[in-house]
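Okay, structure first, notes after.
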Amino acid sequence: MKRSPRQPKPISEQLGHRLSLYAAAAGATGVGLLALAQPAEAKVVYTPAQVTIAPNSTYNLDLNNDGTTDFAIAQHSYPGYSATLYVGPNANGVAARAGAASCGCNSAFAFSGGVKIGPGRPFVSVEAELAKVKKIHGSILSFGLWRNQNDRYLALEFKINGETHYGWARFNVEASYAQGVVGTLTGYAYETIANKPIRAGQTSGEADASFHQKNSLGALAAGAAR
């Protein structure tokens, strides 16, 4: 007996409604993914430099090149006694500083490249040493997390139009009793979006692109779980 071709069964009205809702939700999720994946436009502004801070001089660092000094990098020498390189407190900016327990001094942190600089760092509105050499009772002592270090980064917090921004300044520092403390600024950068972190050494792009991706996927997962 020849069988007649099997006819598709009609989809129930309730099931069809559910499928329509699912398709609409999937489309909205796709749009949501695109929206979530697009972070606020960020821009890191980097300025190369090659500036050696001379003994008993001050270099005024204008991090965003707007004509306002954000940080004062100074070198004070007392021949036969001591020499100090430090970042001074300034009305418009502060550096992340280590406490005495960390280094035996009030040294600014000497970060390696890639460290995130942003909210939560110990930014302190006081003088922070980079390195110091000193003669005490005939002995030559050196202090500071920066002594004889290359390509280390100051973590910087400063204001633009009253809003907090973050940046970095890279230095090479040599410290010896014969020459004192010599610091060379080799570049600096800042993030144009207020309160947004930047990575030490970062010259462009996002401070952490994976952060936005994880947040986007997490938000979608949370929505799907509801």
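The values are calculated or read from the model by the stated rules, or taken from the named source; none is laboratory data. Just so we're clear, the structure is a prediction, and the values are computed from it rather than from any experiment. Every residue, glycine as well, gets a Cβ built from its backbone with ideal geometry; the counts of neighbours run over all protein chains shown.
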Quiz item: Any chance the stretch 169-176 includes a residue that's part of a loop (DSSP other than H, G, I, E, B), crowded, with 18+ Cβ neighbours inside 10 Å, of a type in the set (Gly, Ala, Ser) and in contact with a strand residue (DSSP E or B) (Cβ under 6 Å, 6 or more places away or on another chain)?
Solution: no
Quiz item: Just to be sure, is GLY32 modelled with pLDDT of 50 or more and either part of a loop (DSSP other than H, G, I, E, B) or surrounded by 12 or more Cβ atoms within 10 Å (Cβ to Cβ) (or both)?
Solution: no
Quiz prompt | Single match in PHE158, PHE123 (criterion: modelled with pLDDT of 90 or more, in contact with an Asp or Glu (Cβ under 6 Å, 6 or more places away or on another chain) and not basic (Lys, Arg)) | solution = PHE158
Quiz item: Here are some conditions: (1) exposed (fewer than 12 other Cβ atoms within 10 Å of the Cβ); (2) modelled with pLDDT of 95 or more; (3) not aromatic (Phe, Trp, Tyr). ALA225 meets all but one. Which one does it not meet?
Solution: (2)
Quiz item: Can we say ILE198 is more than 10 Å from the chain's Cα centre (by Cα) and modelled with pLDDT of 90 or more?
Solution: no
Quiz item: For the stretch 40-86, what are the residues that are under 20 Å from the mean Cα position of the chain (by Cα), among the small types (Gly, Ala, Ser) and either in a loop (DSSP other than H, G, I, E, B) or at pLDDT 95 or above (or both)?
Solution: ALA40, ALA42, ALA49
